[in-house]
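The values are calculated or read from the model by the stated rules, or taken from the named source; none is laboratory data. Please read these numbers as outputs of a predicted model, since none were measured by experiment. So basically every Cβ, Gly included, is an ideal-geometry build from the backbone, and we count neighbours across all protein chains shown. What goes into the accessible areas is simple: the full protein's heavy atoms, side chains included, and nothing from ligands, DNA or RNA. Shrake-Rupley method; radii C 1.70, N 1.55, O 1.52, S 1.80 Å.
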Amino acid sequence: MMMTMLAWLGGAIGLVVTGSAVLLAWTVYSRAQAEALPSAAPEGAAAQTEERPENRPSLSAALVRQAGPHLARWTFFDYALLVLFAVGSLFLFTDLLAVLRDAEQYPPYHFAYLLCGFVFTLAGMLMMLVRLALTIASIRSERPLPAPDHQDHPGHAEQAQ
């Protein structure tokens, strides 16, 4: 009964963490796409604020610009991911000890289940390390992304009042 309850709890936490990661990726992508693509403005405003295509940021630059603030923060879900990794690894390790101790009591495919569990757990922690590396690289670069130059043509310059 207790193992079933722990499995349900771990599964629920895993789904919440996975859902938050997908939501974060979708939010960053949609904001970057809106920044990189021209917005639908009324006709009068479109003529005044229309940018040339070469002045608009690329989608990859917009993705980096949008993802930076999200990667720099340590959130509740990062802690939840670490807890999932620790608890999942502990369960897998104790199960591996039990299988190694009494191998004849377990079916042969149980080793494959354990191997998949270790691979998925380590892949999740690898993604966390990739996030850490990207965050450290963006902080160390200390060079801001180039801002679009809106004053390259005399007609686009801001006029003095």
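Hey, among 14, 68, which residue is at pLDDT below 80, touching a helix residue (DSSP H, G or I) at 6+ places or on another chain (Cβ under 8 Å) and under 30 Å from residue 91 (Cα atoms)?
Result of the check over 14, 68: 14.
Is region 38-52 home to any residue that is touching a His at 6+ places or on another chain (Cβ under 8 Å) and at pLDDT 75 or above? Please lay out each step first, then the result.
Restricting attention to region 38-52, the residues satisfying the condition of being touching a His at 6+ places or on another chain (Cβ under 8 Å) are 51.
After this cut, where a residue has to be at pLDDT 75 or above as well, the list is none.
Checked region 38-52: no residue is touching a His at 6+ places or on another chain (Cβ under 8 Å) and at pLDDT 75 or above.
Which count do you get for residues in region 1-41 that are open to solvent by 90 Å² or more (accessible area, probe 1.4 Å) and farther than 27 Å from residue 59 by Cβ?
7
Might you check whether a residue that is surrounded by 11 or more Cβ atoms within 10 Å (Cβ to Cβ) and over 22 Å from residue 14 (Cβ atoms) occurs anywhere in region 73-96?
no
Residue 144: surrounded by 11 or more Cβ atoms within 10 Å (Cβ to Cβ), of a type outside the set (D, E, K, R), in a loop (DSSP other than H, G, I, E, B) and modelled with pLDDT under 85, yes or no?
So residue 144 fails the test.
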